[in-house]
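Novice: Right, I'll just put the structure down here and ask away after.
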Amino acid sequence: MLPRFMDVIEIERAAPANIPTGLGFRAGAAFTDLTPPMGTWTAGWGPGLAPRRAVNFVSRLFARVLVLDDGAGERVALIACDLHAGSRYLSERVAALTAREGFHVGRVVLVGAHNHAGPGNLYASPWFDAFATSYPWVRGFHRELADDLCERIAAAVKQACAALRPARVGHGVVPVWNWTVNRSLEAGLNNFQGQAESDVRARLATLHGGAPPEVRELERLLVDPRLHLLAAIGTDGAPIGAFSTFAGHAALLAREHGALGGDWFGAAQQTAEALLYARTGVRPVIGLGAGAIGDVDPRPPGMTLAELIRKRQSSLAENLQLVKQHGARLGAALVEAFDLAARTATEVKLSVRFAEPEIRRDTVPTDRGPARLPDEARIGASTLAGSELGPGYLSEGLRDDDPANANDPHWPKVDDDLGMAIIQPVLDVLQFQPTKLPLRLVQVGTVAVVGLSGEPTTWLAHRLSELVVASSQGVEQVMVAGTCGDYSGYFTSGREYELQHYEGASTLWGRYTERWLHQSIDRLAKAGPVVPGGIARFDFEPFTGTKRRRLADYRSPGGPVLQAPKLQVLRGKLRISGGLLWNANAPVPLFEWGEWLRVQTATGEALPIEPHVRLDELGGALWWSVELADWAGLAGRKVTVVLAHHDGAGRFELEVPPRLRSG
């Protein structure tokens, strides 16, 4: 029986409709806006002394969908979303909403970017709905927001299905060396016990096509630098869309800024789409999801950790320059990988395998005989150390060195440190952590997409990829997709787990997790396709934070604005700004930032803008601004600002004088 503060949601898995056959290989793509309201509690940084809410809007969030249909009765939706994770609730609800299009939950491959500047409380899992957001300030499942996101993603899947057309699919791989580092190097090197550093360095330098000579530091070598991309090309040669994965935490936006945006993964996707549109006249949908991200952080070439932290935290403007720099590099790599994939594109067959094995008390083989996994999920004290970009208040490496406790499947994890008493109330809900971990294996021709419900480290993902190639017929390349279909914390190798760094301490199911994943993926690779049935159950805590309530029947914008728009010139750019009233509990639709504000010329031509919004929660105000770098043609002319926002609406004519005094 659940305690009285818990609730239950059950989603019945509908039988998928039959998929049409005999139409040949087809593909379709679509995208949808997922940007939540300002003031949303953000995910990824964990407990904190101050609440973490979205108070600075910097870019919109999207889900990008690529649907592949092989014409032989199989189809799959590859979805990359600018969220912390593609949670189990989101996956199950999207599958239920698209069953008429032939989807079940195994055919919905929902991969998060592991974005730390997006909404939290989307898991319907008590532990991560508290710990991954902003405990003790908020906890619980924000069902209204989650359902809105599900409906939007499902609508995009349906749109992609409606757009299916004859196509080919190809795979491209581009190494992006020197832009990421292994943030847990000591634990990563523990995978090479007994080997000389020179031998380890030589081995790492030859992996993944070989590192360039300027990449010498071990922390930059012990990563997977490969950008994997599946591209769909119409038979007429026009690009349709792509799904890709890359290893690196989408946590470049510093938590101190309270940013809401897509971080460098979002910037990379937008860069790639713009570059391909400029070249082809067609704007394909380019999705990018998390790869083997567990122990990998972004860092520009030649920059030290101290320099990176200073630039991230000094100001939001300087932080955004880092985001744009990383996004530009990764966006260029996406285009390069797309071109490579287009050259090899062909018609292929699809194979979809899905399983949700029970990890609790399962048995795995070891060198010492069979070993059983734990009875319950548990974190170690070093979880509260945090990562290098989001440090906590305890130390890494807190471990139990007493071999007498070696029979405990969580050993050498320490969970009785006094520092953990601070979060004891939320530790109690770990008993409700789901014990079935969804796993996906989608084969697209000779490429396998392996969906893992957590954050795999570099070396664990490397060994899993080798296993999939060996266990699956016809697989030559493996794309490991992390935070796919659920979020279950970190997945570390056995050797990494021994040292109890942040990642090992956050491996919820103990020291045999890697062996269990190998066993489960091997079984999945050798199994046949199965249509999941039954009921998907979610034990959850209701949301405790303030929230802008969902309003399904929203027709008209709000009342008067707080401050009418005004013009000024700052640093040579034309700046238009104003203010809106804001109510934390107002009934509103989900934001679509591109629709509530327009700046247009006297002839009605809309100017390209991307507004910045800052929330002053205490003052009950949203302060917005847009900047135009190229405004010479507007001097001496009128522009019209059209606001159609539920927190304020109006139409305002402003005259741009021939000369404006810089402010």
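Novice: Going by amide H atoms built from the backbone, whose H comes under 5 Å of the H on LEU562, apart from near neighbours?
Specialist: Correct list: GLY579, LEU580, LEU581.
Novice: Taking the stretch 591-648 on its own, what percent of its Cα-Cα pair distances exceed 14 Å?
Specialist: 60 percent
Novice: If you don't mind, there's one more thing I want to ask. Got the relative contact order for the chain handy, in percent, Cα pairs under 8 Å and 6 or more residues apart?
Specialist: It comes to 17 percent, rounded to a whole number.
Novice: Note the direction-averaged projected area, equal to a quarter of the hull surface, for the Cα convex hull of the chain, in nm².
Specialist: Reported value for the Cα convex hull: 29.6 nm².
Novice: Further, regarding this structure: Report, please, the projected area of the stretch 1-136 averaged over directions, based on the convex hull of its C-alpha atoms, in nm².
Specialist: Mean projected area for the stretch 1-136: 9.8 nm², to one decimal.
Novice: Hey, got a sec? Which GluC sites (Glu not before Pro) in the stretch 185-278 land in a DSSP loop and have at most 11 other Cβ atoms within 10 Å?
Specialist: Counting only loop positions with at most 11 other Cβ atoms within 10 Å, the GluC sites (Glu not before Pro) in the stretch 185-278 are GLU214.
Novice: Now, a different point. What is the P(r) of the stretch 344-431, as percent of Cα-Cα pairs per 10 Å bin from 0?
Specialist: 13, 31, 28, 15, 10, 4
Novice: Shifting gears a bit: Compute the helix-to-body angle for 458-471: its Cα long axis versus the longest principal axis of the chain, expressed 0 to 90° and rounded to tens.
Specialist: 70 degrees
Novice: With 16 Å as the cut-off, how large is the P(r) tail for the stretch 206-327, expressed as percent of Cα-Cα pairs?
Specialist: 68 percent
Novice: To continue, here is another question. So for the stretch 215-356: antiparallel DSSP bridges make up what percent, rounded to the nearest 5?
Specialist: Around 50 percent antiparallel, to the nearest 5.
Novice: Okay, next question. Under 5 Å between amide hydrogens, which residues at least 5 positions from VAL296 or on another chain qualify, with H placed 1.01 Å from N in the peptide plane?
Specialist: ARG183, HIS249
Novice: Toward the positive end of the charge dipole of the chain, about the Cα centre and with charges on Cβ (Lys, Arg +1; Asp, Glu -1), which of PRO374, GLY48, ALA274 goes farthest?
Specialist: Sorting the options by dipole projection puts first ALA274.
Novice: I've got another one for you. Which chymotrypsin sites (Phe, Trp or Tyr not before Pro) from the stretch 61-106 combine a DSSP loop assignment with at most 10 other Cβ atoms within 10 Å?
Specialist: Qualifying residues, ordered by number: none.
Novice: Can you give me the long-range amide H partners of ALA621? Hydrogens built in the peptide plane at 1.01 Å from N, cutoff under 5 Å, separation of 5 or more residues or another chain.
Specialist: Long-range HN contacts for ALA621: TRP582, ASP616.
Novice: Distance between Cα centroids, the stretch 130-155 to the stretch 81-104: provide it in whole Å.
Specialist: So the separation of the two Cα centres works out to 14 Å.
Novice: Another question about this same structure. When the Karplus curve 6.51 cos²θ - 1.76 cosθ + 1.60 is applied with θ = phi - 60°, which whole-Hz ³J(HN,Hα) does each residue of the stretch 168-177 get, with x for Gly and Pro?
Specialist: 10, 10, x, 10, x, 10, 10, x, 10, 6
Novice: What is the Cα centroid distance between the stretch 339-372 and the stretch 167-212, reported in whole angstrom?
Specialist: 21 Å
Novice: As a test question: what accessible area, to the nearest 10 Å², does TYR123 have when a 1.4 Å probe is rolled over all protein chains in place?
Specialist: Approximately 10 Å² for this residue.
Novice: Give me the mean projected area, in nm² to one decimal, of the convex hull enclosing the Cα positions of the stretch 408-458.
Specialist: For the Cα atoms of the stretch 408-458, the hull's average projected area reads 5.9 nm².
Novice: While we're on this one: Please count, across the chain, the pairs of lysine residues with Cα atoms under 27 Å apart that sit 8 or more places apart or on different chains.
Specialist: Going through the chain pair by pair, I get 9.
Novice: Express in nm, to one decimal, how much length is gained between ASN405 and ALA644 on full extension, taking 0.36 nm for each residue of separation and deducting their alpha carbon distance.
Specialist: Taking 0.36 nm per residue and subtracting the Cα distance, the gain is 79.7 nm.
Novice: Distance between Cα centroids, the stretch 256-302 to the stretch 9-48: provide it in whole Å.
Specialist: The distance from the Cα centre of the stretch 256-302 to that of the stretch 9-48 comes to 19 Å.
The values are calculated or read from the model by the stated rules, or taken from the named source; none is laboratory data. Bear in mind the structure is a predicted one, so any value in this text is a computation, not a measurement. Positions of Cβ are generated from backbone atoms using ideal geometry, with glycine treated the same way; all protein chains shown enter the neighbour counts. Just the protein is used for accessible areas: all its heavy atoms, side chains included, with ligands, DNA and RNA removed. Shrake-Rupley method; radii C 1.70, N 1.55, O 1.52, S 1.80 Å.
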